Amino acid sequence: MAFIGAKPTNVPLTSADLEDNIITSAKIVDGTIATSDISDGAVTSVKTTGVGGTNTPAFKVRNNSDQSLTNSAYTKLTLDTEVFDTDNAFASDKFTVPSGKDGKYYVSLQFSLEGQNDIRQMNGYIYKNGSIINDTQTRLIFSGDIIDAGSEAFLHVDGILDLAVSDYIEAYVRIYNNGGGIYVAKAGRNFFQGYRLIE
């Protein structure tokens, strides 16, 4: 090849020899840049906007007062205090899936009971659209007393639910005893919470 003027020196081409933006993505073959070609720390959070997701909606609520329970009855827990509710989707003691937020949700329930008489069985349930969900219920059954007068027992229920827009979930409890007495879900010790999983 003929040259006008001085012949270029025989040195490797470096990045300094290229103008900014001269090489476009159209000139880069798919798969030619490996992770080993990228220096540690070269890709910052600014370049990863939109990657991944957030676990929202998310909520956590609790009861502010003691709640009386009736033997053998399915009782919906009154949960009147929000710890947080990212999408304002918890109201009237239930969480309702907002528009555009369908998916799989992790949900859990913890409650504490105190009694004046013996309790032989404690059940905890998470309801979906007014019905018990079989994979989110827990039972404690004992041959003897599990709660004596003035003492407490705790129960935890959790599971992963596939929820569509407008589906709603609620927390219920049920107790069985061998006599009369007053049973209460203790104030500030009953929590219902959940969040959407990133898929």
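So the values come out like this:
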item: Checking Phe154 against (1) loosely packed, with under 15 Cβ neighbours inside 10 Å; (2) modelled with pLDDT of 90 or more, the condition it does not meet; result: (2)
item: Residue among Ser166, Ser108 that alone is modelled with pLDDT of 90 or more, in a strand (DSSP E or B), under 22 Å from the mean Cα position of the chain (by Cα) and among the polar types (S, T, N, Q); result: Ser108
item: Criterion violated by Gly180 - all others in (1) at negative phi; (2) modelled with pLDDT of 95 or more satisfied; result: (2)
item: Residue ID - modelled with the highest pLDDT, chosen from residues in region 1-26 that are under 49 Å from the mean Cα position of the chain (by Cα) and hydroxyl-bearing (Ser, Thr, Tyr); result: Thr24
item: Counted residues, region 27-69 - those being polar (S, T, N, Q), in a loop (DSSP other than H, G, I, E, B) and modelled with pLDDT under 85; result: 4
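The values are calculated or read from the model by the stated rules, or taken from the named source; none is laboratory data. Owing to the predicted nature of the structure, the values given are computational and were not obtained by experimental measurement. Every residue, glycine among them, receives a Cβ derived from its backbone with ideal geometry; neighbour counts consider all protein chains shown.
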